[in-house]
Each structure stands twice: as structure tokens, then as C-alpha cells.
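The values are calculated or read from the model by the stated rules, or taken from the named source; none is laboratory data. Computed from a predicted model, the values in this text were never measured in an experiment. Cβ sites come from the backbone with ideal geometry, for glycine too, and all protein chains shown count toward neighbours. SASA here: full protein model, heavy atoms, side chains in, ligands and nucleic acids out. Shrake-Rupley method; radii C 1.70, N 1.55, O 1.52, S 1.80 Å.
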Amino acid sequence: MGRRPKWGRPIDGVLLLNKDSGMTSNSALQQAKRLFFAKRAGHTGSLDPLATGVLPICFGEATKFSQYLLDADKRYLSTFRLGVKTETGDCDGDVIEQQSANHITEAMIESVLPEFRGDIRQVPSVYSALKYQGKPLYKWAREGVDLPPEARQSREITVYDYVITGFRSSDMCDAGYPELDVRVSCSKGTYIRTLAEDLGERLGCGAHVIRLHRQAAGPFEDTKAVSLEELQQERGEDPPETLDHHLLPMDTPIQTVPRVEVTADMGAYFCQGQPVMSLEAYRCAKEGGMVRVCLEDGQFLGVGELIDGSIAPKRIVNY
């Protein structure tokens, strides 16, 4: 009996997906993987089911460089509802406390926002995807398990920008509670739900997220992203290759890393895991720095680290 053929095409590249609300990041990944009939894929940082926006998906060899996007800064647009606290910090959770926030003004919020900018410490939500003993915190929470304090230790984050883009008093909102629109630029590991909860605590009224949109992840903007619905409509009954023009080069996640060209002979040694010499590397990077290694014709070979005058391979592309 013959072996069953392996599923999927060995395609390489990055898809800039605009995730819809109401689905998990993994569900979005699996749908994109099926549409492209891709053999291997991974996303670069989860978005809550509530959230929409930029979710870069790496196919094939591009997954080797996804960590650079996981570590990248992000920018979000969000709406907070003041006066209502929920179990999860967003509108997907049960309401646990309500109180009047009619006295809250935009000026009051502006006066406390500086406390949440710059380098601050944040305690992740118990409903976050952080893992404790190998299992995401939200799974422990849904099982009703009380975790020890070390499961949610505070972490240092950087909030580069945190500004009000809109404010509506309670009489302007159907829910009867004030709503605040914000734009937040921040480092990796920042939880917007926690920013909302902490702001609500500081104002003394409580708050939670009712809308969240990731506008940018690293160099990627939502204006360049495509939705699953658009991909489905474009492909229709056509083969998956129809969608390949949406794929960005596999080294897109590291486009800010200096680029170095090597000869074909040097490239062959590099791809075998051997360090290669390059004076050009030291003109654009420092000892211990990372460089993108390409052939003279532009073919991307991988990422190397400058060590003792040579480029030592760190991540190699397998063609």
C-alpha cells in the first residue's frame, strides 16, 4: 500500500492578514493556511478574539524569522468603556462591577495618562495567553484555579505614545457609560486590556475594552493587510497559486537588519553552517550584530552574527 501524500505546498513568504473580530488568531492562521494550501505556517503574536487588525502570518521558511515580529513594537486603536469592570477586562467577559462614571471628564483622563507612558510595570491579565506550567493562564482561569502570585509577575513594558482620540459622555452612549477612544504605541508584551483596567482603577470607576484594533506590527500597517473574506472571494474555485502575489519576501520580518551580499562560493559555505568573511558586514554592523545574508543576485540565505571578523550563521534558509 502506497504512502499517503503529504498535505500542502512548500511555499515561503509572509502574509499580512487583517484579522476579523470573533475568531482566535489560531483559527485565522488555519483558514489562511488552507486557502494557500501551505504545508507549514505560523502567526507572529496572538490577537484576542475580540480584536481586529494586523496579524502577520509566516509560511514555510519565513517561520524561522517570525521571532523578529514577535519582538516588534505595536500600535493599537481601542475603545474603553468607563464605569464597568469585567472578569476578562474586555466585553467578552462577565460584568463583575458597575458604578457611575458620569463625573469623569476628558480633562481628568488627560491629567492621569502621563502615569501610563514611558517605562512602566504591568501585571498581565489572568485571561492572557502567558503560560504557567506549560498551560495558558486563561485556561487555568476558566477552570477556576487560583494561581500563585508568581504565575503573573509584573513585567516592564514601554508605552511610547498613549493619546485620547475621542471621548463620549454617558448621555451620548447607548450603554449609558462614558466611552474613551485611545491610540497606544507600545513595546511587545503590552496588554491593552490591562491598560484599560489600570486606567479605570486610577480614575476610581473601573473600565474595560469594548473595541481593539492592531493598526501596526513592526513595519507592517493595516492599510496593506488583506482579510480572509477578500482572499476567499479572490480565490473562489481557482488553485491556491492564485493568491501567491499577496506573499511578501521571507526576509520581510527582518527588513530592518543590515543586508550583506556574498559571493556564490561564500554563500555555499554559509549554507553549510560555516562562518564566512565579509568586510562589507563591518561597514554596516558592529561586532555581535546581526546581518541579512544574500547572494549577489539578491537570493536570501539567512541571518548571521558578526563574531571575530566573520559572519557566523544563525538562521539558514533551506531551498
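The Rg/Rh ratio for the chain is 1.04, where Rg is the radius of gyration of the alpha carbons and Rh is the Kirkwood radius.
Using the Cα centre of the chain as the reference point, and only Cβ charges (+1 on K/R, -1 on D/E), how large is the resulting charge dipole? Debye, rounded to the nearest 20. Dipole size: approximately 1020 debye.
In this simple spin-label model, placing a label point 7 Å from the Cα along the Cα-to-Cβ direction at both R152 and R202 gives a separation of 1.9 nm.
Which net charge results when you count Lys and Arg as +1 and Asp and Glu as -1 among the other residues whose beta-carbon is under 9 Å from that of V317?
-1
Annotation: Y269 carries an accessible surface of approximately 120 Å², with a 1.4 Å probe and no ligand, DNA or RNA atoms counted. The Cα-based radius of gyration and maximum Cα-Cα distance (Dmax) for segment 198-290 are 22.4, 66 Å. Lys-Lys pairs in the chain that are eight or more residues apart or on separate chains and whose Cα atoms lie under 14 Å of each other come to 6. Modelled spin labels at T105 and K131, positioned 7 Å past Cα toward Cβ, are 5.0 nm from each other. What the Cβ-Cβ distance of V95 and R117 gives, at R0 = 30 Å and to the nearest 0.05, is a FRET efficiency of 0.55. If you wrap segment 32-113 in the convex hull of its Cα atoms and look at it from every side, the mean projected area works out to 7.9 nm². For the pair segment 261-293 and segment 64-122, the centres of their Cα atoms are 44 angstrom apart. By the scheme Lys and Arg +1, Asp and Glu -1, what is the net charge of all other residues having a beta-carbon under 12 Å from that of T158? That works out to +1. The mean accessible area for residues of segment 241-291, using a 1.4 Å probe and ignoring ligands and nucleic acids, is 59 Å² per residue. Rolling a 1.4 angstrom probe over the protein heavy atoms with all chains in place gives segment 1-129 an accessible area of 47 Å² per residue. For the chain, with all protein chains in place and a probe radius of 1.4 Å, 47% of the accessible heavy-atom surface sits on carbon or sulfur.
Between S227 and E87, the simple spin-label model (points 7 angstrom out along Cα→Cβ) gives 3.0 nm. Can you check what the net charge comes to around A264, using other residues whose Cβ is under 14 Å from the Cβ of A264 (Lys, Arg +1; Asp, Glu -1)? Counting the neighbours of A264, the net charge comes to -4.
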